[in-house]
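Asks: Structure provided below as structure tokens; questions to follow.
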Amino acid sequence: MAHKELLARHRAVMPKWLALYYDEPIEIASASGRRVTDREGTTYLDFFAGILTNAIGYDVAEISDAIRSQLDTGVLHSSTLYLIRSQVELAEKIADLSGIPDAKVFFTNSGTEANETALMLATQARRSEQVLALRNSYHGRAFATIAITGNRGWSASALSPIKVSWVHGGYRYRSPFRAMDDKDYIRACVEDLREIIETTTSGDVACMIAEPIQGVGGFTSPPDGLFRAFKDVLDEYGILFISDEVQTGWGRTGEHFWGIQAHDVVPDAMTFAKGLGNGLAIGGVVARGDLMDTINANSISTFGGNPISTAGALATVDYLLSHDLQASAAKLGSRLLGGLRELAEKHPVIGDVRGKGLMVGVEFVGPEGEPNAGAAATVLSEAKARGLLVGKGGLYGNVIRLAPPMTLTEDELEEALGILTLAVERA
């Protein structure tokens, strides 16, 4: 009864638009490794990791010890009006890892706030409120980030401080260019981009912002090289390019440390959050120094980059680098994709299996290829009933999203594949 009682209290005091999974939502009370236990004592293998946020897993000694060490100093907060050693050390590490020349870093509390900051930098630098964004995108829940979210299900308002033009490319499975090979697909999307600039803008666009792999959109991605081709066009107009790495950063895609590196592009700025803190609230922007310094007004961040979050984030980055979790994500991700594609061959309800590393989407379809949200909802619930937590998303709510902690083991992966097989059989 613990969950039912808490759900009733939740509904009484929390907004009705605050999404919950399952007809009978659960409270996660404890966790270790890649498993979580709910308040009523049921344990699950977690394949969504707090929406890719618990990237290293749960109860990781090295990260917990770093947080406790900071707690022991008595300093939980000081604000950016004072020097914060762990903030500077983390910024140095991220600037170096970014590959962006003369990079500077600004810390926030979330990916939404990071993207808002990046938009402010770009619009200020270019003296333009025009922005290019991809259809099917998601960039956050604040005023400007809702404006650049190309998914009606997550767009709460049409009001906007910026003017947005929408570009094809991020969601290939249902694209009008779907039948083309990679080369022709890229060419068609580039032609679309150029036409959008020439017909819907005055030319002096501030930036394009894009997720290398669309997260909420259902882990969709274009062929490698699309953003390289886009960047060439953007450079002709002096348009800045921002890579939203909130979900693709920190080696999760396996191939590269940042998702955009698959396209051989060094962006003008990257935003990050989620996995950096392994559960702590932290996000930020890393950008060219001249772009970061374009703001000419005073500013602070009361909580962004605070001593607790940056101490934990430093330990998180050190852990994923020293344990080469990027290589692990590549290896296990290949097995996960292979196993799911074998499952798709047996079950036509699966229309597409896609992704990179430990960031995999499974799109469910009906007899005519139409989106099948019901099947995805069934798999979500059936997996939970068998001890596996997964995510759901996509423009039509018909995609199961899989993004386990990057410390996942081979045995746990096979366990999850077994559960997913049974769940799909019920869809």
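Asks: Scan region 119-136 for residues that are open to solvent by 40 Å² or more (accessible area, probe 1.4 Å) and of a type outside the set (A, V, I, L, M) and report the count.
Replies: 5
Asks: Kindly state which strands (runs of 3 or more DSSP E) lie completely within region 228-308 and contain at least 3 residues that are under 30 Å from Val36 (Cα atoms).
Replies: none
Asks: If the Cβ limit is 7 Å and pairs must be 6+ apart or interchain, which residue in region 336-363 that is assigned to a loop (DSSP other than H, G, I, E, B) pairs with which residue that is basic (Lys, Arg)?
Replies: Gly357/Arg252; Leu358/Arg252
Asks: Return yes when Leu121 is within 24 Å of the chain's Cα centre (by Cα), assigned to a strand (DSSP E or B) and in contact (Cβ under 8 Å) with a residue 60 or more places away in the chain and no when it is not. Spell out how you get there, then give the answer.
Replies: Working: within 24 Å of the chain's Cα centre (by Cα): yes; assigned to a strand (DSSP E or B): no; in contact (Cβ under 8 Å) with a residue 60 or more places away in the chain: yes.
Against the criterion (within 24 Å of the chain's Cα centre (by Cα), assigned to a strand (DSSP E or B) and in contact (Cβ under 8 Å) with a residue 60 or more places away in the chain), Leu121 does not qualify.
Asks: Further, regarding this structure: With the checklist (1) touching a helix residue (DSSP H, G or I) at 6+ places or on another chain (Cβ under 7 Å); (2) farther than 27 Å from Ser79 by Cβ; (3) surrounded by fewer than 22 Cβ atoms within 10 Å (Cβ to Cβ) in hand, flag the one item Ile260 doesn't pass.
Replies: Looking at each condition in turn, Ile260 falls short on (3).
Asks: Right, next: Mind counting the residues in region 382-413 that are open to solvent by 50 Å² or more (accessible area, probe 1.4 Å), in contact (Cβ under 8 Å) with a residue 60 or more places away in the chain and assigned to a helix (DSSP H, G or I)?
Replies: Residues flagged as open to solvent by 50 Å² or more (accessible area, probe 1.4 Å), in contact (Cβ under 8 Å) with a residue 60 or more places away in the chain and assigned to a helix (DSSP H, G or I) within region 382-413 amount to 1.
Asks: Has region 179-197 got at least one residue that is modelled with pLDDT under 95 and not assigned by the TED database to the domain that holds Glu370?
Replies: The answer is no; no qualifying residue exists.
Asks: Give the residue, chosen from Gly361, Gly351, Gly374, Gly339, that is among the small types (Gly, Ala, Ser), in contact with a Lys or Arg (Cβ under 9 Å, 6 or more places away or on another chain) and not assigned by the TED database to the domain that holds Phe272.
Replies: Gly361
Asks: How about region 165-209: which of its residues are among the aromatic types (Phe, Trp, Tyr) and surrounded by 16 or more Cβ atoms within 10 Å (Cβ to Cβ)? Steps first, please.
Replies: Taking region 165-209 and keeping what is among the aromatic types (Phe, Trp, Tyr), we get 166, 171, 173, 177, 185.
Residues satisfying the conditions are Tyr171, Tyr173, Phe177, Tyr185.
Asks: Yes or no: region 319-331 includes at least one residue that is over 30 Å from Arg68 (Cα atoms), open to solvent by less than 30 Å² (accessible area, probe 1.4 Å) and outside the structural domain of Ala281 (by the TED database).
Replies: no
Asks: Hey, can you tell me all the residues within region 346-367 that are farther than 12 Å from Val424 by Cα and surrounded by fewer than 17 Cβ atoms within 10 Å (Cβ to Cβ)?
Replies: Matches in region 346-367: Gly366, Pro367.
Asks: Could you look through region 330-344, keep only residues that are of a type in the set (Gly, Ala, Ser) and more than 17 Å from Val390 (Cα to Cα), and pick out the one that is nearest to the chain's Cα centre (by Cα)?
Replies: Result: Ala330.
Asks: A follow-up question, please. Can you find, within region 87-118, the residue that is most open to solvent (accessible area, probe 1.4 Å) among those that are touching a Ser or Thr at 6+ places or on another chain (Cβ under 7 Å) and outside any helix (DSSP H, G or I)?
Replies: The initial filter retains those residues of region 87-118 that are touching a Ser or Thr at 6+ places or on another chain (Cβ under 7 Å), namely 87, 90, 106-108, 111-112, 114-118.
Add one more test, that the residue is outside any helix (DSSP H, G or I), and what stays is 106-108.
Numbers: Phe106: 60, Phe107: 8, Thr108: 0 Å².
Among those residues, the one meeting the criterion is Phe106.
Asks: Another one. Filter region 65-86 down to residues that are polar (S, T, N, Q), outside any helix (DSSP H, G or I) and touching a helix residue (DSSP H, G or I) at 6+ places or on another chain (Cβ under 9 Å), then give me how many there are.
Replies: 3
Asks: Regarding region 286-298, can at least one residue be identified that is of a type in the set (Lys, Arg) and buried (at least 20 other Cβ atoms within 10 Å of the Cβ)?
Replies: Checked against the condition, which is being of a type in the set (Lys, Arg) and buried (at least 20 other Cβ atoms within 10 Å of the Cβ), region 286-298 yields at least one hit.
Asks: Any idea how many residues of region 171-196 are under 19 Å from Asn151 (Cβ atoms) and in a helix (DSSP H, G or I)?
Replies: Residues meeting the conditions: 3.
Asks: Quick check on Glu198: is it in contact (Cβ under 8 Å) with a residue 12 or more places away in the chain and acidic (Asp, Glu)?
Replies: no
Asks: Next up: Considering each residue of region 137-148, count those that are without any contact (Cβ under 8 Å) to a residue 40 or more places away in the chain, in a loop (DSSP other than H, G, I, E, B) and open to solvent by less than 10 Å² (accessible area, probe 1.4 Å), and give that number.
Replies: Result for region 137-148: 1.
Asks: Additional query: Quick check, is Glu255 within 18 Å of Val216 (Cβ to Cβ) and among the charged types (D, E, K, R)?
Replies: So Glu255 does not fit the description; no.
The values are calculated or read from the model by the stated rules, or taken from the named source; none is laboratory data. Keep in mind that this is a model prediction, so the values were computed, not measured. No Cβ is skipped: glycine too gets one built from the backbone with ideal geometry, and neighbour counts run over all protein chains shown. The protein model used for the area step is the full one, side chains on, heavy atoms only, and it has no ligands, DNA or RNA in it. Shrake-Rupley method; radii C 1.70, N 1.55, O 1.52, S 1.80 Å.
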